[in-house]
Amino acid sequence: MGKFRTTVPDAYFIEEAVNEGWIRVEEMNEGEVSKVAKAFKIHTFEAEAILLAKKKGTLILLDQTRVREAAKGLKLYPRGKIYVLRLAYRNQLISKKQYLKSIDELIENDFPISIEVYKEGRKIE
């Protein structure tokens, strides 16, 4: 078994991606990670993702409210699933019908989303 292999089914694919070089593993400052995790009451892996996005100056995709608030607290502007769907629609990767259906499927599959975000997500040109 490899370094990343666990009982999680996707671990095999992640390990291959690391071995092939298109996913890099970066070391994080454990003290800083722990401090952020405790301050915002989030998991350490969430704090690591936020700190890495801040370090790299890159976009971060987050959907959980508490984790999004932590990212905002560190001066990041997190995006979520609806942003990705809207981007796919705007870039003509999916049709308007597919876009709207995907948003409805989030609700049907108990994806935690506020009614305001849902309504805003359904507003497209």
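The values are calculated or read from the model by the stated rules, or taken from the named source; none is laboratory data. Worth saying up front: this structure is predicted, and the values here are computed from it rather than measured. Note that we place each Cβ from the backbone using ideal geometry, even for glycine, and neighbour counts take in every protein chain shown. These area figures cover heavy atoms from the full protein model, side chains too; ligands, DNA and RNA do not enter into them. Shrake-Rupley method; radii C 1.70, N 1.55, O 1.52, S 1.80 Å.
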(message) Nearest 500 deg cm²/dmol is fine: what mean residue ellipticity at 222 nm does the chain get from its DSSP H runs of n ≥ 4 alone, each adding -39,500 (n - 2.57), divided by its residue count?
(response) -17500 deg cm²/dmol
(request) Provide the gained length on full extension for the span Lys72 to Asp110, in nm with one decimal, where the gain is 0.36 nm per separating residue minus the Cα-Cα distance. (result) 11.2 nm
(request) Compute the accessible area per residue over the chain, keeping the other protein chains in place, probe 1.4 Å, unit Å². (result) 75 Å²
(request) Taking the Cα centre of the chain as origin, sum charge times position over the Cβ atoms of Lys and Arg (+1) and Asp and Glu (-1), and report the length of that vector in debye to the nearest 20. (result) 600 debye
(message) Debye calculation, C-alpha points only, no solvent: report log10 I(q)/I(0) for region 34-97 at q = 0.23, 0.25, 0.27 Å⁻¹, in the same order as the q values.
(response) -0.87, -0.97, -1.08
(message) What's the ranking of 57-64, 44-51 by average number of surrounding C-beta atoms within 10 Å, highest first?
(response) 44-51, 57-64
(request) Calculate, axis by axis, the spread of Cα positions in the chain along the three principal axes, and write the results as whole Å, longest axis first. (result) 44, 34, 27
(request) Keeping the other protein chains in place, figure out the carbon and sulfur percent of the accessible area of region 10-95, with a 1.4 Å probe. (result) 53 percent
